[in-house]
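The values are calculated or read from the model by the stated rules, or taken from the named source; none is laboratory data. Remember, it's a predicted structure, so these values are computed and weren't measured experimentally. Positions of Cβ are backbone-derived with ideal geometry, glycine not excepted, and every protein chain shown enters the neighbour counts.
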Amino acid sequence: PQKTSFHRSQTLGYKNGFAFSRLPTVGIGGERLYVNQLSQAELDELSNVRPTLTYGQAKQAPPSGFIPAHVAFDKKILKFDAYFQEDVPLSAEEHYRIRQVCIYYYLEDDSMSVIEPVVQNSGLPQGKLIRRHRVPKNDHGDHYHWKDLNRGMNITMYGRTYRIVDCDPFTQVFLESQGIELNPPEEMVFDPYTELRRMPMRKYVTPSDFDQLKQFLTYDKQVLRFYAMWDDTDNMFGENRPYIIHYYLADDTVEVREIYKQNDGRDPFPVLIKRQRLPKTFVEKKKTFPSCVLEISDQEVFEWYTAKDFAVGKSTTLLGRTFFIYDCDEFTRNFYRDKFGITDFQPVEIKKKPVEEVPQVLQTISQRRGWKEAESPNPEDRKRRFILSYFLSNDMISIYEPPVRNSGIIGGKYLGKTRVAKPGSTADNATYYEPSDLTIGSTIEVFGHRFVITDADEYVLNYMESNAESFPAATLQSLRDHFRPRQVVKETANSDIATLGTCKQELDELIRQVQEELKLHKSLNNKNIREAFLQCDEDGSGILDKAKFLALCDSLGVPTKAFLVNKV
């Protein structure tokens, strides 16, 4: 056949930026070329000899450097599990004790340490038994080496023999790599007393016929509620305090809660008795037995409180405190009706004790007096007036001096509330002033200063007359004699006697007579009288009631003659 393709193969090539000629792989027109094919020997020579001709002989690797033992074996530790036996003298429960330890061998410096794992509540000094150091092997100066350690052998260190039973995987691999044949592992021996303590204690309890689980499943979340009252009026500042008694049917426990009210003066601490079983009758025991430290259990209690012990209208003593049950809720009524057949649940009305109205204070007007009128170094004290207040609630006395303008004496509180002892009293046997000592004209000595009672409030007379059995007859009679002239004046003022005409001449004549009467008493302070009348005239009309006018004149010491009173 004729040849139709005459192209030549590419022989120019580039490598690393340089041009080079390549041998043709095929002839002209793609014919097979037999000249450039290499034999097997040439191919082997190219693969083995030619790199050596090109790059030269291969260099030998440098020898590895020297590594010291403390670097090569750094943090490489051999661990062995071991135990030793310790005798326990003078003990009936144990004769010996097994203590487990861990033996550590440090390859970097051939040192050893023995550490005992800490066991909680063992009562023994545990932890590091032998510190890390090179342990002597014998008296010739030799030390223990890792070649001397193996499983299933005894090793003695400082007079104590340890039994090695096993090792960790790293220790096993290391020893086997060094050509040491390891003994088979042994089981760790445990302390018999420790194992005995781990066993649960058997409690032999006689089974009860009463099924508590059935009671819990039947009466769970069912509570009896009683409304009770604790009478504490026998104690000082005591009162009737309301409480709620809860009886839990699930476990026969009782809880007492106090009903908190706003502004009752008590801290909001509602739980009086926490939820617990309450004893009803204790087992008889010796009187010398310290019952204050006795924990209540079934052995000390003969009978516990049950639902039968609570009823409306019945008193129940819980831990020494008596509660009177006066009512209960609807669920409690239904329970007692179905369980015990009780149908009487009439609430009991709690009657409140009537509050005895005790007046806070009895006030008397007194005048301070010196030792004697003629020998008094301060004669101006005879004109000073005081208000003596006696507090019936706590038998205390206070003295107040009304301020008087331009008198040179600062008024105000003269004596704070305190109990005043009578003259001649001692600290061991003190006698204090009583309401019976406050009579008109009597002298009260207060811490060395004497006061003469000259007047009293009408409230004092009214209170003593209403409680005549509590006061001496002489005290009450002195007040009646003192107020009798004033009552006559009031009766005269209230009478319907029209002795004064309506004409202006008679009114002017009355004013003139009153002014002449006042001029005869120069000791009166007209300014104080004017201020007192203006203070009483609250509406500013210039008119006062006749009885109020006479009472004001009497309090200011203004003389009121009978004929002038009749004219007024």
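Can you name the number of the only condition in (1) under 49 Å from the mean Cα position of the chain (by Cα); (2) modelled with pLDDT of 85 or more that Glu445 fails?
(1)
Quick grid of which residues meet (1) assigned by TED's automatic domain parsing to the domain that holds Tyr193; (2) at pLDDT 85 or above:
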{"site": "Asn16", "(1), (2)": "no, yes"}
{"site": "Phe20", "(1), (2)": "no, yes"}
{"site": "Asp44", "(1), (2)": "no, no"}
{"site": "Arg50", "(1), (2)": "no, no"}
{"site": "Asp74", "(1), (2)": "yes, yes"}
{"site": "Phe80", "(1), (2)": "yes, yes"}
{"site": "Arg99", "(1), (2)": "yes, yes"}
{"site": "Glu108", "(1), (2)": "yes, yes"}
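Consider the stretch 430-454. How many of its residues are touching a residue at least 60 places away in the same chain (Cβ under 8 Å) and either part of a strand (DSSP E or B) or of a type in the set (A, V, I, L, M) (or both)?
9
Give me a count of the residues in the stretch 102-133 that are within 20 Å of Lys75 (Cα to Cα) and either surrounded by 14 or more Cβ atoms within 10 Å (Cβ to Cβ) or β-branched (Val, Ile, Thr) (or both).
Total satisfying the criteria: 15.
Could you list, in sequence order, the residues of the stretch 149-161 that are surrounded by 13 or more Cβ atoms within 10 Å (Cβ to Cβ) and of a type outside the set (Val, Ile, Thr)?
Residues satisfying the conditions are Leu149, Asn150, Arg151, Gly152, Met153, Met157, Arg160.
Suppose we filter the stretch 312-327 for residues that are of a type outside the set (A, V, I, L, M, F, W, C) and under 15 Å from Val254 (Cα atoms); how many remain?
5
Kindly provide the set of residues from the stretch 458-492 that are modelled with pLDDT of 80 or more, closer than 22 Å to Lys546 by Cα and of a type in the set (D, E, K, R), ordered by number.
Matches in the stretch 458-492: Glu458 only.
Quick one: would you say Ile453 is surrounded by 14 or more Cβ atoms within 10 Å (Cβ to Cβ), β-branched (Val, Ile, Thr), over 29 Å from Ala547 (Cα atoms) and not assigned by TED's automatic domain parsing to the domain that holds Asp554?
Working: surrounded by 14 or more Cβ atoms within 10 Å (Cβ to Cβ): yes; β-branched (Val, Ile, Thr): yes; over 29 Å from Ala547 (Cα atoms): no; not assigned by TED's automatic domain parsing to the domain that holds Asp554: yes.
Judged against the criteria, Ile453 is not a match.
Name the residues in the stretch 444-471 that are out of contact with any Leu (no Cβ under 9 Å at 6 or more places or on another chain), of a type outside the set (D, E, K, R) and within 18 Å of Phe391 (Cα to Cα), would you?
Across the stretch 444-471, the qualifying residues are Asn462, Ser466, Asn467, Ser470, Phe471.
Which fully enclosed helices (runs of 4 or more DSSP H) of the stretch 154-265 have 3 or more residues being free of Cβ contacts under 8 Å to residues at least 24 places away in the same chain and polar (S, T, N, Q)?
On the way: elements: 169-177, 192-198, 212-219.
Qualifying helices (runs of 4 or more DSSP H): none found.
For the stretch 80-93, how many residues are at negative phi and either surrounded by fewer than 14 Cβ atoms within 10 Å (Cβ to Cβ) or among the hydroxyl-bearing types (Ser, Thr, Tyr) (or both)? Steps first, answer last, please.
Here is the first cut: in the stretch 80-93, the ones at negative phi are 80-89, 91-93.
With the extra rule that they be either surrounded by fewer than 14 Cβ atoms within 10 Å (Cβ to Cβ) or among the hydroxyl-bearing types (Ser, Thr, Tyr) (or both), the set shrinks to 83, 86-89, 91-93.
Number of matching residues: 8.
Counting just the residues of the stretch 277-289 that are free of Cβ contacts under 8 Å to residues at least 40 places away in the same chain and surrounded by 13 or more Cβ atoms within 10 Å (Cβ to Cβ), which one comes out nearest to Tyr247 (Cα to Cα)? Don't jump to the end; show me each part of the working.
Within the stretch 277-289, the subset free of Cβ contacts under 8 Å to residues at least 40 places away in the same chain is 277, 279-289.
Checking the rest, the ones that are also surrounded by 13 or more Cβ atoms within 10 Å (Cβ to Cβ) come to 277, 279-280, 282.
Numbers: Arg277: 10, Pro279: 14, Lys280: 14, Phe282: 20 Å.
Top of the filtered list is Arg277.
Report the residue count in the stretch 465-476 for those that are out of contact with any Ser or Thr (no Cβ under 7 Å at 6 or more places or on another chain) and surrounded by 13 or more Cβ atoms within 10 Å (Cβ to Cβ).
Of the residues in the stretch 465-476, 2 are out of contact with any Ser or Thr (no Cβ under 7 Å at 6 or more places or on another chain) and surrounded by 13 or more Cβ atoms within 10 Å (Cβ to Cβ).
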